[in-house]
């Protein structure tokens, strides 16, 4: 074989058929690509590729990912990863998400270069594992660990996960809103903590009902909440807070009208820490809280 050309790599046809039958007995999908990134064989044709119906002669051999994959974004990623392997002679592993007909599937792809006896690279061997059940279980466990049992919104431990998930995304302008229930101590003292809990639950309901899809509501502790709002300007944040206040004003528990203080902070500076943004929003919230307490006749803390 010269220059790592797979076509020059002679293998007995019976041996190829035996190897393919052996590999097809495994649940994972195993494939081989030549030095152009074209498929040579594949043990299983999975539902993520376009295969002609009622054509038993159709083969994946000689096809590029972009030719057969339904999800073109994943096809482009696969081809980019192949190019990286050709250039570096090093393997890679990554996960992809596939949505079709309301169903979500997760796949793990493991790719490694293959060399002949002379050290020439002749192609790429790949392994595709269906990790959907594992990913869904991980998501369920994450939700269980990061959901507040009282309100159903995220708890404070979700903050680190949110930072990790968004660290490489374009999320600016980024707005953080901090809010706190007004007069909760008086409610607890007058009606009891069960009624105070309803106060907190209704606050979470208002924040969740009014929020845009990309925002995350977090119960920071007690009666304090935070809302992380990617790609949200100061003006858009003000509209959201106004919408929440309108919603809140229509909620009554016994003779009490629900009341919350809100403060926000917005930045386009990617170097600013989330903690600093929270601190600024918290200060703005306490300024508003003092105003609300005077208006409502609630003693200041």
| remark: Between the Cα axis of helix 274-296 and the main Cα principal axis of the chain, the angle (0 to 90°, nearest 10) is 30
| remark: Taking Cα atoms, the helix 234-248 axis meets the longest principal axis of the chain at an angle in degrees (rounded to 10) of 60
| Selected from 167, 283, 33 as most flexible by GNM, with the chain as the system and alpha-carbon contacts under 10 Å | 167
| remark: Candidates 191, 199, 247; GNM for the chain (alpha-carbon contacts under 10 Å) flags as most fluctuating 191
| Going by average Cβ neighbours within 10 Å, how do the peptides 58-71, 171-184 rank, with the highest at the top? | 171-184, 58-71
| message | Please give the Cα centre distance for region 149-172 versus region 233-301, rounded to the nearest Å. | response | 19
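Once the piece of chain linking residue 103 and residue 19 is laid out straight, how much longer is it, given 0.36 nm per residue of separation minus the C-alpha distance between them?
On the way: separation 84, 0.36 × 84 = 30.24 nm, distance 3.30 nm.
Between residue 103 and residue 19, full extension yields an extra 26.9 nm.
Using the 2.2 N^0.38 Å rule of thumb for compact globular proteins, work out how region 117-246 stacks up: its C-alpha Rg over that value, please. Please report the intermediate quantities before stating the final value.
Details: Rg = 21.0 Å, N = 130, 2.2 N^0.38 = 14.0 Å.
Rounded to two decimals, the normalised Rg is 1.50.
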| query | Any idea how far apart residue 139 and residue 197 come out in nm if each label point goes 7 Å out from Cα toward Cβ? | reply | 3.0
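How many percent of DSSP beta bridges within the chain run antiparallel, rounded to 5?
Values: 49 of 51 bridges.
Bridges in the chain are about 95 percent antiparallel.
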| remark: Between the modelled labels at residue 294 and residue 190 (7 Å from Cα along Cα→Cβ) the distance in nm is 2.2
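Using only alpha carbons, build the gyration tensor for region 208-301 and give me the equivalent ellipsoid semi-axes, biggest first, whole Å.
Details: eigenvalues 118, 54, 27 Å².
Output for region 208-301: semi-axes of 24, 16, 12 Å.
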| note | Under 20 Å by backbone N from the virtual spin label 7 Å along Cα-to-Cβ at residue 53, the residues of region 62-89 are 68-71
| Could you give the nm distance between label points at residue 275 and residue 94, where each point is 7 Å from its Cα heading toward the beta carbon? | 3.3
| note | Which of (1) 18.2, 54; (2) 20.9, 69; (3) 28.2, 91 gives Rg and Dmax of the Cα atoms in Å as computed here? It is (3)
| note | FRET efficiency (residue 66, residue 163; Cβ distance; R0 41 Å; to 0.05) is 0.75
| message | Tell me the angle of helix 72-88 to the major Cα principal axis of the chain, expressed in degrees between 0 and 90 and rounded to the nearest ten. | response | 60
| remark: A chain fully extended from residue 79 to residue 239 at 0.36 nm per residue, minus the present Cα-Cα distance, gains in nm 53.2 nm
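Full-extension gain between residue 131 and residue 116, please, as 0.36 nm times their residue separation minus the C-alpha to C-alpha distance. It would help to have the intermediate numbers written out before the result.
On the way: separation 15, 0.36 × 15 = 5.40 nm, distance 3.14 nm.
Contour length minus the Cα-Cα distance gives 2.3 nm.
We did not get these values from a lab; they are worked out from the coordinates using the rules stated. What you see is a predicted model, and the numbers here were worked out from it, not measured in a lab. When we count neighbours, we look across all protein chains shown, and the Cβ atoms used for this are built from the backbone with ideal geometry, even at glycine.
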